[in-house]
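The structure appears below as structure tokens.
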Amino acid sequence: MDKTEKYDLIIIGGGPAGYIGAVSAAKKGKKVAVCESSKLGGTCLNVGCIPTKFLLDKANLIEKIKANTINGIFKDAGLFSFKKIQQEKSMVVAKLNRGVGSLLRSHGIAVYQGFASVSSPHQVTVGGNTLTSDRILLATGSEVLIPDIPGKELSIDSTDALNLEKLPVSMVVIGGGVIGLELASAYNSFGTQVTVLEMLPSLLPGEDSELIGKMRKILARKGIEIITSAKVESIGKEGNSKHVIFSHDDETKEITAEQILMAVGRKAQLKGIDTNKLGIQTDIKGNIIVDEFFQTGAENLYAVGDVIGGWQLAHSAYTEAEAAITNMFIGKELVSLSTMPRCIYTIPPYAAVGETEAQLKDKGVIYSVGRFSYALNGMALAEGVTDGEIKVLVETGSNRILAVQIFGELAHELIATATMALSQKLTVEKWEQIITAHPSLSEVLHEAVLDANGASSHKPA
Amino acid sequence: MLHKIAMPAAGKNTDELLVLSWNKEEGDLVERGDVLIEIETDKATMDVESFAKGILLKKLVEEGETATTGDIIAYIGEEGDLEQLEAETEVSSDEDDEYIPIMPVERTMVPIEPRQNQEDISLSYKASPAAKKLARDLQIDISQIASTNGISLIKYDDVATYSDHIAARDNDFELLPLSSMRKVIADRMLASVTTIPSFTAEVEVHMETLMTVRDNLNLESEVKISFNDLLSVCVTKAIEKYPLINSSYTDDGIKKFNSTHVGFAVSVENGLVVPVIKNIEKKRLREIALENRENISRARDGKLSSDKMEGGTVTISNLGMFPIQRFDAIINPPESCILALGTISKKPVWDEAANSFVPVSIMSMTGTFDHRVIDGAYGAGFLKALKDLIENPFRLLL
């Protein structure tokens with residue numbers, strides 16, 4: 001049934017960028033349509049953040065049970081069902097999925113289920129319908145990047161890994177990035193023998209090398225084998241088991257495992273977008289190029305989220321989408337994305353906001369470092385989470401907090417305080433005046449800030 | 001069509017039944033009503049018949065094993081029925097694999113805060129802390145238990161059982177398994193002794209008269225009358241004057257029974273059973289004797305049905321066939337009195353008239369009473385009344 005409908009804005013993609021942009025525009029009184037080819041909520045909700053964190057939450061719980069069985073508090077650790085974890089996870093995802101649907105419907109946003117084809121900056125065809133609009137927002141997101149390695153069809157990607165029905169006995173993770181390390185953490189806690197192969201000489205070079213080094217040691221202590229400077233040559237199969245052949249230290253080595261997880265990264269999803277016809281450019285990685293107002297080369301054709309590269313974080317997508325809507329309908333406004341918190345949900349987790357020491361040094365910024373260990377904090381001791389440290393980078397002279405890096409329990413929550421401080425350009429003196437509740441892990445952050453001035457009272461002299 | 005044969009409910013005090021022997025082999029044709037197995041309950045043995053017709057496809061318990069009421073013990077059906085069942089159960093047995101241990105068993109897992117010794121972590125079995133402690137105390141190598149039994153988590157009981165077995169192997173003793181009957185006797189006797197405050201009183205009964213009565217009766221009766229039969233009648237009569245003997249203590253009150261149901265302790269191979277004859281006061285001596293003989297015969301064959309062993313209100317235990325002068329029996333709960341009879345032997349008794357000791361056939365009889373119901377004087381009074389009836393049986397006619 002062919003339908004032609006006119007809208008103020010058509011959004012391609014119902015993921016974080018798409019649905020937040022839609023709500024933002026609807027709230028401004030605009031008539032909005034969202035086209036979604038798969039499931040509302042996009043990668044994040046369905047095959048990314050949410051399901052991963054569900055698994056990691058259960059993995060965390062299992063770690064706590066193990067620790068308390070070893071110290072004798074529990075006599076018997078008991079049994080758990082991986083199948084039930086996956087079932088519960090699906091229920092949570094389905095619930096959130098329905099939630100996004102309700103949210104959009106409640107704002108009167110039209111949702112078109114199907115693969116959208118953008119034929120011009122003002123026309124979209126989807127599922128037999130033709131939609132026209134003055135403005136189109138591209139939020140098609142990203143997909144898994146599968147490198148051209150022989151035997152790549154034997155590997156699974158993160159989406160598959162999140163949907164495994166049977167817990168694998170062993171798994172090789174190709175790629176030691178955020179996704180690879182998070183899934184490695186989860187599966188290791190469930191009982192899978194995990195090996196991570198990272199091509200670069202160190203893990204996560206964009207983050208603080210000291211704390212990432214600590215993370216690596218702790219992951220290794222938990223049984224995850226991490227091999228850096230490992231270049232995967234091929235993947236093969238014998239009978240029921242698979243193997244990965246890689247080169248490391250000038251030697252060729254082989255690992256056998258039940259599953260091979262390919263987690264080397266994601267790339268922009270451009271299916272249905274004829275970039276040439278639309279007159280939009282992509283960079284070398286395939287990301288759509290936009291200006292500072294998120295407009296593409298074609299007028300009134302905007303793009304936000306993973307499809308433009310950038311932070312590749314859901315909360316960045318939210319911010320970008322809101323900014324694009326403002327730019328479209330209110331007026332051109334510059335939004336800063338530099339105070340961006342980013343989290344790695346390993347066990348224990350890491351979170352950071354601001355630049356790393358390496359990045360500051362590169363820029364020639366003079367700074368001092370304040371640090372405080374979780375092991376000196378009462379709450380950490382009470383909760384049995386003494387592995388961790390917080391670093392605070394303070395600009396010499398102005399005493400402004402430039403960056404905070406947290407490795408330890410609840411890093412992803414503590415980072416919100418740090419982000420607040422950074423965005424408000426707080427100095428160490430201002431932070432000292434703020435009272436932090438005791439006992440709490442937040443005190444670790446507070447003490448690290450004070451330490452930058454040599455002012456921590458909880459550190460031994 | 002596949003039929004499942006289940007273990008029936010047969011025990012008086014237990015649902016665990018011992019398979020004594022199989023009457024059929026796998027592959028045999030079974031008709032409806034054919035005996036499949038002979039089982040032992042806590043009191044007797046009985047046959048289990050097949051309700052189904054077909055081929056005995058599979059036995060799920062072996063001779064010497066126990067099964068609980070309701071457990072499936074055999075499959076009867078047609079050829080091929082079993083394969084179909086196995087195909088179906090393969091699917092559902094996945095459910096057993098669904099749950100795995102939180103603590104990894106095989107990998108050398110390094111704990112966050114190492115608190116155990118290295119040796120404890122690297123072994124390939126798991127044992128609970130209590131099991132490990134017991135093993136240390138008993139100086140047992142716990143890894144032997146794992147390899148012997150192939151169990152994945154060794155618990156305290158596993159260590160205790162293992163310890164018993166290895167002690168038995170060392171030839172200090174032989175460990176005999178407990179039969180259902182033995183377990184029940186053990187439990188009930190312990191319960192009686194620990195919960196009933198009892199006392200015992202003895203009387204010496206002159207048996208000459210009753211012996212003559214019995215001999216005369218047996219000249220005429222088709223059924224052999226025994227002392228037990230006569231005594232049960234005497235006891236029932238004495239209870240008329242002392243009804244609390246025929247009662248049971250409960251926290252809500254003393255249950256005074258309306259009829260007398262006398263239990264007779266009968267020795268059987270490897271144990272003891274107590275068949276009950278109900279409503280003695282309503283039965284003629286001949287009936288009592290007949291019932292008693294039948295009960296004893298069945299009991300000795302292990303074929304006494306459970307309803308014949310229930311409902312007793314007072315028990316008589318007679319060891320007179322042995323040279324036992326006297327003994328104190330243990331009350332059979334929930335009764336309040338048990339009478340224990342010793343052997344009849346000639347003893348010297350002072351005779352006033354003859355001014356000398358005369359030989360009299362004497363039997364010692366003790367009564368053990370529940371003091372919550374029966375006080376000293378009452379019990380003594382009952383025994384006096386009973387002695388009086390035994391020595392003057394004409395009084396039974398009153």
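The values are calculated or read from the model by the stated rules, or taken from the named source; none is laboratory data. Bear in mind the structure is a predicted one, so any value in this text is a computation, not a measurement. Every residue, glycine as well, gets a Cβ built from its backbone with ideal geometry; the counts of neighbours run over all protein chains shown. Ligands, DNA and RNA are excluded from the accessible area calculation, which covers all protein heavy atoms including side chains. Shrake-Rupley method; radii C 1.70, N 1.55, O 1.52, S 1.80 Å.
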(request) Give me the angle, in degrees from 0 to 90, between the Cα long axis of helix B:376-391 and the longest principal axis of the Cα atoms of chain B, rounded to the nearest 10. (result) 60
(request) Can you bin the range A:229-344 into rounded, prolate or oblate? Criterion: square roots of the alpha carbon gyration tensor eigenvalues sorted a ≥ b ≥ c, rounded for a/c under 1.5, prolate for a/b above b/c, oblate for the rest. (result) prolate
(message) If I fit a long axis through the Cα atoms of helix B:285-301 and take the longest principal axis of the Cα atoms of chain B, what angle between them do I get, 0 to 90°, rounded to 10?
(response) 30
(message) Tell me the net charge near A:I50. Cut-off is 11 Å between Cβ atoms, A:I50 excluded, with +1 for each Lys or Arg and -1 for each Asp or Glu.
(response) +2
(message) To test your reading of the geometry: what angle, between 0 and 90 degrees and rounded to tens, separates the Cα axis of helix B:129-138 from the longest principal axis of chain B?
(response) 70
(message) What lysines does B:K237 reach when the alpha-carbon gap must be under 24 Å and sequence neighbours fewer than 8 apart in one chain are set aside?
(response) B:K224, B:K255, B:K256, B:K278, B:K282, B:K283, B:K308, B:K384, B:K387
(message) What's the magnitude of the charge dipole for chain B around its Cα centre, counting Lys and Arg as +1 and Asp and Glu as -1 at the beta-carbon? Answer in Debye, nearest 20.
(response) 2640
(message) Straight-line reach from A:K217: which aspartates and glutamates fall under 19 Å, measuring Cα to Cα and dropping same-chain residues less than 8 apart?
(response) A:E63, A:E182, A:E198, A:E207, A:D208, A:E225, A:D387, A:E389, A:E409, B:E113
(request) Treating cross-link reach as a plain straight distance, find the aspartates and glutamates whose alpha-carbon is under 15 Å from the alpha-carbon of A:K430, omitting any fewer than eight places away in the same chain. (result) A:E395, A:E447, A:D451
(message) Before we go on, tell me the buried accessible area for the B/A pair, both chains summed, 1.4 Å probe, in Å² to the nearest 100.
(response) 2000
(message) Please report, ordered by residue number, every helix of chain A (full DSSP H runs) that is 27 Å or longer along its axis going by C-alpha atoms and whose mean Kyte-Doolittle hydropathy reaches 1.6.
(response) none
(request) Tally up the carbon and sulfur contribution to the accessible surface of the protein assembly as shown as a whole percent, 1.4 Å probe, everything protein left in place. (result) 52
(message) Strictly over 22 Å apart at the Cα level, which of A:K83/B:K4; A:K222/A:K459; A:K31/A:K332 would you flag in this model?
(response) A:K83/B:K4; A:K222/A:K459
